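One structure is given here, and the rest of the page talks about it.
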Amino acid sequence: MSTLESVREGYRTFDDQRYAPLVKGVALFGLLAALPYIIEIDVAGMELAATLSLKVLILTVIYAYTAQSWNIMSGYTGQFSFGHAAFFGVGAYATQLLLADIGLNPWIGMLIGGVIAGLYGLVIGALTFRFNLKGHYFALATLAFAELLRFVVTNMSELNGANGYFKPFPRDYGAEYGLAAFQFQTDLPYYYIILGFLLVVTVVSWGIKNSWIGLYFFAIREDEQAAASVGVPSFRYKLIGVAVSAFFTALGGAYWSMYFNTIRPDTVFALFKNVEILLPAVVGGPGTLIGPIVGSFIVTPVSEVARTTFTNINGLDRIIYGAFLVAIVIYSPRGVVSWPSRARALWSRLQGDEEVSE
């Protein structure tokens, strides 16, 4: 047995153990926790931070978090949502409204925003699932609900219309900079907070995937009629999926409102925000646990590199970025997480061809 085959056999043996997911999860999040320091390491006179700054890392983890939240609904149940910006915006606006108007702590406002978003998700689900909307019809319906909410918020003077909200200073709601106020004077604490959010939603996602709820979700995704024929209450479990997904997506919007200084309808409810939320999961591998995280660490840095590199021609960065994404989706419809298994299959075929030729 060659060294490579021994390594592969050892990994398969490890992967069969019950503790394997825990070990891999600890290793992954340990690496993510160390990234802000790794990018500062000088290698041959170059720092990774020159292209992958801490701010880009924060954006990457934000979209990994929102993609993981989207994946609970769309990746697991197969109900492809194109309107998660509605939940994202509800979380952002609820947090800032309660903070600016009554001085409610942002952590509490965040949870209230999550509950409101979950209820809005139930309304959307009740209306769309009741009429059995599926596929692109369901995607268009969720987009319509998101755009409706954006239009309403933009035209409500009670929510400051198109101007949105400016984040108050901690002293405005009786706090000091720090964890309790959810405001810091450097970016590093913000990174570890959103990393904590990502850890929580990943653990919840793993728990759902490995429970009877996840079994029902995947049965609905594969064949809803067959699932219903064996007693799976598909309507109820699709509602559970959309409510949980909406709740966690809203927490991401609340975080966004506390990290950036302003929020407006054309940023947190934007049409392209829907794409930014779902794209990492689609690129990484929908329905998988690691896909949204891997996808975000491909999509967001590539977008940033394209934006900062191709500045001579207006729009060239978007063209290159779009072509890159199209190539991934066309040639790898199951996502980037399928690449290792495809590489192993290709290697096995090549080995087989060599044996035949001998």
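A few comments on the model shown:
- Boolean, Leu122 is under 24 Å from the mean Cα position of the chain (by Cα), under 21 Å from Phe248 (Cα atoms) and surrounded by fewer than 17 Cβ atoms within 10 Å (Cβ to Cβ): yes
- Where a residue in segment 313-333 is on the phi < 0 side of the Ramachandran plot and its partner, wherever it lies, is aromatic (Phe, Trp, Tyr), with Cβ under 8 Å and at least six apart: Leu316/Phe310; Asp317/Phe310; Ile320/Phe310; Ser332/Trp339
- Within segment 94-108, considering residues that are touching a residue at least 12 places away in the same chain (Cβ under 8 Å), out of contact with any Gly (no Cβ under 9 Å at 6 or more places or on another chain) and assigned to a helix (DSSP H, G or I), the one most open to solvent (accessible area, probe 1.4 Å): Trp107
- Members of segment 84-93 found to be part of a helix (DSSP H, G or I) and either more than 11 Å from Lys167 (Cα to Cα) or not small (Gly, Ala, Ser) (or both), listed by number: Ala85, Ala86, Phe87, Phe88, Gly89, Val90, Gly91, Tyr93
- Residue satisfying all of: in segment 60-86; among the hydrophobic types (A, V, I, L, M, F, W, C) and within 11 Å of the chain's Cα centre (by Cα); surrounded by the most Cβ atoms within 10 Å (Cβ to Cβ) among these: Ala67
- Just one of the listed residues (Thr288, Thr249, Thr267) is in contact with a Gly (Cβ under 8 Å, 6 or more places away or on another chain), surrounded by fewer than 19 Cβ atoms within 10 Å (Cβ to Cβ) and closer than 24 Å to Gly114 by Cα, and it is Thr267.
- Selected residue (criterion: nearest to the chain's Cα centre (by Cα)) from residues of segment 146-169 that are surrounded by 18 or more Cβ atoms within 10 Å (Cβ to Cβ) and part of a helix (DSSP H, G or I): Ala146
- Some residue of segment 193-212 being open to solvent by less than 60 Å² (accessible area, probe 1.4 Å), within 25 Å of Phe87 (Cβ to Cβ) and of a type in the set (Lys, Arg): no
- Those helices (runs of 4 or more DSSP H) of segment 225-343 in which at least 1 residues are over 30 Å from Ile108 (Cα atoms), at pLDDT 90 or above and more than 13 Å from the chain's Cα centre (by Cα), considering only elements entirely within it, cover 234-259.
- Annotation note: of Ala126, Ala117, Ala33, the sole residue that is under 20 Å from Pro189 (Cα atoms) and either without any contact (Cβ under 8 Å) to a residue 60 or more places away in the chain or not β-branched (Val, Ile, Thr) (or both) is Ala33.
- Under the condition of being more than 30 Å from Glu224 (Cβ to Cβ) and among the aromatic types (Phe, Trp, Tyr), the residues counted in segment 79-126 number 2.
- Selection of segment 215-235 for residues being charged (D, E, K, R) and open to solvent by 60 Å² or more (accessible area, probe 1.4 Å) yields Arg221, Glu222, Asp223.
The values are calculated or read from the model by the stated rules, or taken from the named source; none is laboratory data. Owing to the predicted nature of the structure, the values given are computational and were not obtained by experimental measurement. With ideal geometry, Cβ positions are generated from the backbone for all residues, glycine too; neighbour counts draw on all protein chains shown. Remember, those area values only see protein heavy atoms, side chains included, never the ligands or the DNA or RNA. Shrake-Rupley method; radii C 1.70, N 1.55, O 1.52, S 1.80 Å.
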